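One structure is given below, encoded as structure tokens.
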Amino acid sequence: IIEHDVEVGANCCVDRGCLGKTLIKSGTKVDNLSHVAHNVNIGSDTAIAGLVGIAGSAIIGNNVQIAGQVGIASVTVGNNCIIGGQAGVLKSLNPNEMVVGTPATPIKEEYKIRAYLKILYKNAVKGRQKNEKNNLWTYFNYYIGSHPHRRTHNKGTNRINRSPHSRIIKIQRI
């Protein structure tokens, strides 16, 4: 059942209900290439962007905004929810929730996770650089002393190993 003032874009698929009815309430806008499966109930004044897939028997509340390329399982989405692009809604959402990502997580929690990952990455890079500075002997032996064309064969004397690709010089006792 499609109520009045509903817009359905090109190449959308709205499946008929098999155990109940598929219902799209008034004022709802469905963009192109979206799929609404059987027995889905979409509330009024809901906006659904392109490439959205809604699984069978899902219930979408009123005034819900669904961004592009979202997948919604057979769950209940509360009123006034906002679902970010490419989200995967695998569990029911409470009213007034904003979610992003797969699996869909609250937006504040997702941004905290992303900020922590950025900090962890920076610390890992700093730690790697620190380990290289603290372990210069390994660094020099690997990059300078390991190649035969960079060695001199004067045994028992000092030699200077110089990498042709850097300005690093180390005097080594043989």
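The values are calculated or read from the model by the stated rules, or taken from the named source; none is laboratory data. All of these numbers come straight from a predicted model, not from anything done at the bench. Positions of Cβ are generated from backbone atoms using ideal geometry, with glycine treated the same way; all protein chains shown enter the neighbour counts. To get the accessible areas, we keep the full protein, side chains included, count just its heavy atoms, and leave off ligands, DNA and RNA. Shrake-Rupley method; radii C 1.70, N 1.55, O 1.52, S 1.80 Å.
Just give me the residues in the range 68-106 being under 15 Å from the mean Cα position of the chain (by Cα), under 17 Å from GLY43 (Cβ atoms) and part of a loop (DSSP other than H, G, I, E, B), in sequence order.
VAL70
Is it fair to say GLY71 is buried (at least 16 other Cβ atoms within 10 Å of the Cβ) and not acidic (Asp, Glu)?
Yes; evaluated as a whole, the condition is true for this residue.
Whether any residue in the range 44-58 is open to solvent by 40 Å² or more (accessible area, probe 1.4 Å) and under 17 Å from VAL6 (Cα atoms) is what I want to check.
Scanning the range 44-58, I find at least one residue that is open to solvent by 40 Å² or more (accessible area, probe 1.4 Å) and under 17 Å from VAL6 (Cα atoms), so the answer is yes.
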